[in-house]
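The values are calculated or read from the model by the stated rules, or taken from the named source; none is laboratory data. Only a predicted model underlies this, so the values are computations on that prediction, with no experimental measurement involved. Don't worry about glycine lacking a Cβ; one is built from the backbone with ideal geometry, like all the others, and counts go over all protein chains shown.
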Amino acid sequence: MAPPTWQGAERVLAVRLDNIGDVLMLGPALRSLRAALPAAELTALVSPAGSQAAPLLPWIDDVIVHRAVWQDASGAMPLDPAAELELVDELRRRQFDAAFVFTSFSQSPWPPAYTCYLAGIPFRAGQVKDFGGSVLTSSVPAAPDAGHQVDRNLHLLEALGVAAVGRELEVVLPGPAVRSADVLLAGAGIDPERPFVVAAPGASCTARQYDPARFAALVSRLRADGLPVVVVGSQREGDVIGRVQAVATGSLVGRTTVSELAAVIARAALVVCNNSGPLHLADALRRPVVVLYSGTDHESQWWPRASPHRLLRRVTTCSPCFAFECPYDHECLDIGAEEVAARCLEVLEWPREEVSTAPCVPCGS
């Protein structure tokens, strides 16, 4: 019997059970799969958070949402084998022909691959660093840990003979989200037809967050230069965002879907954020971005590839720490608000032809 292959697959599963930004960075791989299998039904298996990015990725036909125990970094999920067995049953019912397991450098492909194995998916591919038997039918040697996440995703496909269709992020804005974003901006005191700044002070973990007091000082400085500033984020980030909201022109915190947030960012003259989802939305939409990039990760893993940008970080011996909480005093983000404001104004003043190829240069290096 010939070994299973992805060629000719009619029902394809792409697995990426991470945050919003991780799913956005899966876009080039999904675009490449769609080009290689134009008639296939392409389904994404994503987390509840990641599912919010799915409407922006036009190559997906369907979405399965699952909170997987093997992705629970907190270790707080209760013992619930039934939930995992329900996922196996769901995948079996869909009768997928092929599954591509996409992972970050620190994640194992074996748990999701075993789920796909139990569901009877004949072709199962992922990147590996260790032995896992025949759970995967195609085990691809893992890309370098410090490589860009987009390249890591494409590395899996290219090793299997799927040609990459571009290496830049891309999103498509739903029409209703665009119309809604303009209404939301006007309600927050922002004229969407005039230059304004989007400030996103939150992040998925505290180790990635620039000091809120300094972020507030930054927003005050930008407003003093005549730039309206709107704050975005989720309600759960209230303690971090509250100080910034108090000095901004307006706030959309907790008021946008991810699609609406993308439409707001598409209108912005500049985005200021931590290493978080808004960074990747700005990159996908080619909007200028200044990033307070903590030492938790290599810049090479997540930096913007197409947008005008500056990544700001102090060099520290503990980087990259990959920590969720900083055990020190965020020395990697010990950057004054005036310095960040100067970088913001610098990016805004760059000629477009110069900005489009601006290099990533961390400050203090």
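Report the residue count in segment 117-138 for those that are more than 20 Å from SER32 (Cβ to Cβ) and small (Gly, Ala, Ser). If you could, list the steps in order and put the result at the bottom.
Going residue by residue through segment 117-138, those that are more than 20 Å from SER32 (Cβ to Cβ) are 117-120, 122, 128-135.
Next, only the ones that are small (Gly, Ala, Ser) stay: 119-120, 132-134.
Count: 5.
Cβ-Cβ below 6 Å, separation at least six or inter-chain, first residue in segment 170-199 and closer than 18 Å to LEU227 by Cα and buried (at least 22 other Cβ atoms within 10 Å of the Cβ), second at pLDDT 95 or above and among the hydroxyl-bearing types (Ser, Thr, Tyr): which pairs?
Once the first residue is closer than 18 Å to LEU227 by Cα and buried (at least 22 other Cβ atoms within 10 Å of the Cβ) and sits in segment 170-199, no partner that is at pLDDT 95 or above and among the hydroxyl-bearing types (Ser, Thr, Tyr) comes close enough.
How about segment 17-46: which of its residues are over 24 Å from ARG167 (Cβ atoms) and either in the same structural domain as ASN275 (by TED's automatic domain parsing) or small (Gly, Ala, Ser) (or both)? Even if it seems obvious, please write down each step before you answer.
As a first pass, look at segment 17-46 and keep what is over 24 Å from ARG167 (Cβ atoms): 39, 41.
If the condition is that a residue be over 24 Å from ARG167 (Cβ atoms) and either in the same structural domain as ASN275 (by TED's automatic domain parsing) or small (Gly, Ala, Ser) (or both), then ALA39 is the only one that fits.
Take the conditions under 15 Å from GLN52 (Cβ atoms), in contact with a Leu (Cβ under 7 Å, 6 or more places away or on another chain) and not assigned by TED's automatic domain parsing to the domain that holds ASN19 and apply them to VAL264. Does it pass?
Details: under 15 Å from GLN52 (Cβ atoms): yes; in contact with a Leu (Cβ under 7 Å, 6 or more places away or on another chain): yes; not assigned by TED's automatic domain parsing to the domain that holds ASN19: yes.
Here the answer is yes, as VAL264 does meet what is asked.
Out of (1) farther than 22 Å from LEU345 by Cβ; (2) in contact with a Lys or Arg (Cβ under 8 Å, 6 or more places away or on another chain); (3) not aromatic (Phe, Trp, Tyr), the odd one out for PRO320 is which?
Evaluating PRO320 over (1) farther than 22 Å from LEU345 by Cβ; (2) in contact with a Lys or Arg (Cβ under 8 Å, 6 or more places away or on another chain); (3) not aromatic (Phe, Trp, Tyr) leaves (2) as the failure.
Quick grid of which residues meet (1) at pLDDT below 95; (2) of a type in the set (A, V, I, L, M):
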position	(1), (2)
GLN235	yes, no
ALA263	no, yes
HIS280	no, no
LEU285	no, yes
VAL290	no, yes
GLY295	yes, no
ARG305	yes, no
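Conditions (1) within 15 Å of the chain's Cα centre (by Cα); (2) among the acidic types (Asp, Glu); (3) assigned to a strand (DSSP E or B), marked per residue:
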{"position": "GLY254", "(1), (2), (3)": "no, no, no"}
{"position": "ALA262", "(1), (2), (3)": "yes, no, no"}
{"position": "CYS273", "(1), (2), (3)": "yes, no, yes"}
{"position": "SER294", "(1), (2), (3)": "no, no, no"}
{"position": "ALA341", "(1), (2), (3)": "no, no, no"}
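I'd like the residue in segment 83-117 that is assigned to a helix (DSSP H, G or I) and at pLDDT below 95 and, out of all such residues, is surrounded by the fewest Cβ atoms within 10 Å (Cβ to Cβ). Let's see the steps before the verdict.
Here is the first cut: in segment 83-117, the residues assigned to a helix (DSSP H, G or I) are 83-94, 110-117.
From what's left, at pLDDT below 95: 83-84.
Values: ALA83: 14, GLU84: 16.
The extreme case among them is ALA83.
Pairs only if they're at least six apart or on different chains, beta carbon under 6 angstrom, first in segment 304-326 and assigned by TED's automatic domain parsing to the domain that holds HIS280, second of a type in the set (Ser, Thr, Tyr) and surrounded by fewer than 17 Cβ atoms within 10 Å (Cβ to Cβ); list them, first residue then second.
Going by the 6 Å Cβ cut-off, the qualifying pairs are VAL315/SER365; GLU325/THR206.
Give just the number: which of (1) hydrophobic (A, V, I, L, M, F, W, C); (2) in contact (Cβ under 8 Å) with a residue 40 or more places away in the chain; (3) crowded, with 20+ Cβ neighbours inside 10 Å does LEU136 not satisfy?
(2)
For segment 307-320, check the following and say yes or no: at least one residue is among the hydroxyl-bearing types (Ser, Thr, Tyr), surrounded by fewer than 22 Cβ atoms within 10 Å (Cβ to Cβ), within 21 Å of ALA73 (Cβ to Cβ) and modelled with pLDDT under 95.
So the first thing to find is which residues in segment 307-320 are among the hydroxyl-bearing types (Ser, Thr, Tyr), and the list is 307, 316-317, 319.
Still in the running and surrounded by fewer than 22 Cβ atoms within 10 Å (Cβ to Cβ): 316-317, 319.
Remaining after also requiring within 21 Å of ALA73 (Cβ to Cβ): 319.
Retained after the next criterion (residues that are modelled with pLDDT under 95): 319.
Yes: one or more hits.
Go through ALA203, ALA199, ALA266, ALA186 for me and flag whichever is under 24 Å from VAL172 (Cα atoms) and assigned to a loop (DSSP other than H, G, I, E, B). Lay out the reasoning, then the answer.
Values: ALA199 fails: assigned to a loop (DSSP other than H, G, I, E, B); ALA266 fails: assigned to a loop (DSSP other than H, G, I, E, B); ALA186 fails: assigned to a loop (DSSP other than H, G, I, E, B).
Residue meeting the stated conditions: ALA203.
For segment 149-158, how many residues meet the condition of being in contact with a Ser or Thr (Cβ under 8 Å, 6 or more places away or on another chain) and surrounded by fewer than 20 Cβ atoms within 10 Å (Cβ to Cβ)? Even if it seems obvious, please write down each step before you answer.
Pass one, segment 149-158, residues in contact with a Ser or Thr (Cβ under 8 Å, 6 or more places away or on another chain): 149, 152, 154, 157.
Now drop any that are not surrounded by fewer than 20 Cβ atoms within 10 Å (Cβ to Cβ), which leaves none.
Residues meeting the conditions: 0.
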